[in-house]
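Here the structure is laid out as structure tokens; the discussion comes afterwards.
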Amino acid sequence: MEKSISVKQDYVMIMHNPVEDTYDYIIYHVLDFSRIEGKIHINIQNKNKQGEISRFSLTDVRFYDLLSSGILTRLRI
């Protein structure tokens, strides 16, 4: 694997509030996969309701765990 591979894929996390029976969602944009000191990190960004961008990184293990558990779902338009 190279040092960084561009992905540019959106994922969504949907949260259900059972008390009010409402749903809220957050869209995460996966920027790239990077290898740093032998470990793979996924660089992600999202916007809050005020339009401010947050960027952070997850390990590949944590990212794939969120996908396999259904917490994150690939967004298809």
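Here, each number is a calculation from the coordinates, and none is a lab measurement. Keep in mind that this is a model prediction, so the values were computed, not measured. Note: ideal-geometry Cβ built from the backbone for every residue, glycine included; neighbour counts use all protein chains shown.
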Listed residues Tyr64, Tyr11, Tyr28, most fluctuating in the chain (Gaussian network, C-alpha, under 10 Å): Tyr64
Which residue fluctuates the most in the chain, going by a Gaussian network model with Cα springs under 10 Å, if the choices are Glu37, Glu52, Glu20? Glu20
Hey, can you grab everything whose amide H is under 5 Å from the amide H of Leu75? Only 5+ residues off in sequence or another chain; H modelled, so Pro and N-termini drop out. Asp10, Tyr11, Val12
Expressed in nanometres to one decimal, the distance between label points 7 Å along Cα→Cβ at Ser54 and Arg74 is 2.5 nm
Taking amide H atoms as placed 1.01 Å from N in the peptide plane, list the residues 5 or more away in sequence, or in a different chain, whose amide H sits under 5 Å from that of Asp32. Val7, Lys8, Asn43
Per-residue ³J(HN,Hα) for segment 22-36, Karplus 6.51 cos²θ - 1.76 cosθ + 1.60, θ = phi - 60°, Hz, x for Gly and Pro: 10, 10, 10, 9, 10, 9, 10, 9, 7, 7, 6, 10, 10, 9, 10
Can you put Ile5, Ile77 in order of Cβ neighbours within 10 angstrom, beginning with the fewest? Ile77, Ile5
For Ile5 and Ile36, calculate 0.36 nm times their separation in residues minus their Cα-Cα distance, and state this gained length in nm to one decimal. 9.9 nm
With each pseudo-label sitting 7 Å past Cα toward Cβ, what's the Ile27-Val12 distance in nm, one decimal? 0.9 nm
The Rg/Rh figure for the chain, Cα atoms and Kirkwood Rh, to two decimals is 1.03
